[in-house]
Structures are given as C-alpha cells and as structure tokens.
Amino acid sequence: MPGSTKAMGALTVGALVAVTAYTVALGGDGWLWFGWVVLGLLTLAMAVTQP
C-alpha cells in the first residue's frame, strides 16, 4: 500500500474518531456522517485501484 493510501486511511480513521466524538458530545449531525462515508468510499477506492 503506497504512502498516499496509508495517509488517506489514517485521515479516514481520524475523521471517524472526530465525528464520533462530536456526535457523543453535541448530538448527531447527518452531514458529518455523510461526509465520513464519502471519505471512506474514496479511501476504499484508492486502496482497491492501487497496483
């Protein structure tokens, strides 16, 4: 897995932690979760398309 894909994976995990913390502290926001799902799909696409 190249460095850019690893960095994207780390960003995705960090965003998951941040969105979860925000949801626990201030209540759920559907747009945050939607953004995280899009980020996760982009990360998955990067991981699948790498040689």
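Shown in residue order for the stretch 2-17 are the 3J(HN,Hα) couplings computed by the Karplus curve 6.51 cos²θ - 1.76 cosθ + 1.60 at θ = phi - 60°: x, x, 5, 5, 5, 5, 5, x, 5, 4, 5, 5, x, 5, 4, 4 Hz (x for Gly and Pro).
Surface listing: Val37, Val48, Val19 arranged by accessible area from highest to lowest gives Val48, Val37, Val19, probe 1.4 Å.
Shown here: Cα extents along the principal axes in Å, derived from the displayed model; of the candidates (1) 41, 15, 9; (2) 36, 23, 16; (3) 33, 19, 18, it corresponds to (1).
Estimated from helical segments only, the mean residue ellipticity of the chain at 222 nm is -30000 deg cm²/dmol, where each DSSP H run of four or more residues counts as -39500 (n - 2.57).
If I compute solvent accessible area with a 1.4 Å probe over the protein chains, what percent of it on the chain is carbon and sulfur?
Working: 2830 of 3590 Å².
Heavy-atom surface of the chain belonging to carbon and sulfur, 1.4 Å probe: 79 percent.
Just to confirm the number: angle between the C-alpha axis of helix 30-49 and the first principal axis of the chain, 0 to 90 degrees, nearest 10? The answer is roughly 10 degrees.
Taking springs between alpha-carbon atoms closer than 10 angstrom, which of Val38, Val13, Val24 fluctuates most in the Gaussian network model of the chain? Greatest mean-square fluctuation among the candidates belongs to Val24. Per-residue extension of 0.36 nm, minus the Cα-Cα distance of Leu26 and Ala10, leaves a gain of 3.4 nm for this segment. Excluding ligands, DNA and RNA, the accessible surface per residue across the chain is 70 Å² with a 1.4 Å probe.
The values are calculated or read from the model by the stated rules, or taken from the named source; none is laboratory data. All of these numbers come straight from a predicted model, not from anything done at the bench. Just the protein is used for accessible areas: all its heavy atoms, side chains included, with ligands, DNA and RNA removed. Shrake-Rupley method; radii C 1.70, N 1.55, O 1.52, S 1.80 Å.
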